Structure formats: structure tokens, C-alpha cells
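Only one structure is covered here, and it is reproduced in the block below.
Nothing in this text is a laboratory measurement; each read-out follows from the coordinates by a stated rule. Remember, it's a predicted structure, so these values are computed and weren't measured experimentally. All Cβ positions, glycine included, derive from the backbone under ideal geometry; neighbour counts span all protein chains shown.
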Amino acid sequence: MANNVSRKKLMREIMETDFVLKELNLFLDTHPCHRAALEKFQRYEQKSAILKQEYEKLFGPLTPSVNDNLETWEWICGPWPWENR
């Protein structure tokens, strides 16, 4: 159960971080020289990468392109990231 809670918590944090990135991306499309937004975008980009690395280390790939196992296609193993398990 604790593993399931940490999985959900980590997935939620990834989704929240990626939401902020998408919003910043839209803002920067219309304000390309806004320094504070550029800096915030870089920080959230780094945070997203770290969170995704942590998730994939603990629970498996989030996307098919992350599969680096030459023995099996891990993308389909285990519950999907959006499943309530």
C-alpha cells in the first residue's frame, strides 16, 4: 500500500510540474523575452526530468521511448501510469 501511495504521489507531482511547464510554454510563446518566465521554465524543466527519472527507476517507463531493456518491452509491464492500482 505504501508503494501505491508513493507511486500516486510521485505521478501527481509529475503531472503538476508538467502542467506548469505547459502554461509557461504558452506564456513564453507570447512573451519570448520575459526573463523570469524563462528562468522558471528552466527550473521546472529540470524538476520534471528529475521526477520522471525517479518514477522510472522505481516503477518503470512512463513513455515507450524510455524502454532501454533489450530483453523485454517493459513499457507494457505493470500497471499503466494512469491506472488506479
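Data overview
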quantity: Distance in nm between pseudo-label sites at LEU38 and MET15 (7 Å out along the Cβ direction from Cα); calculated: 3.3
quantity: Debye-sum result for the range 2-76 in log10 I(q)/I(0), which assumes one identical scatterer on each alpha carbon, at q = 0.16 Å⁻¹; calculated: -0.67
quantity: Spacing of the two label points (7 Å from each Cα toward its C-beta) at GLN46 and HIS31, in nm; calculated: 2.2
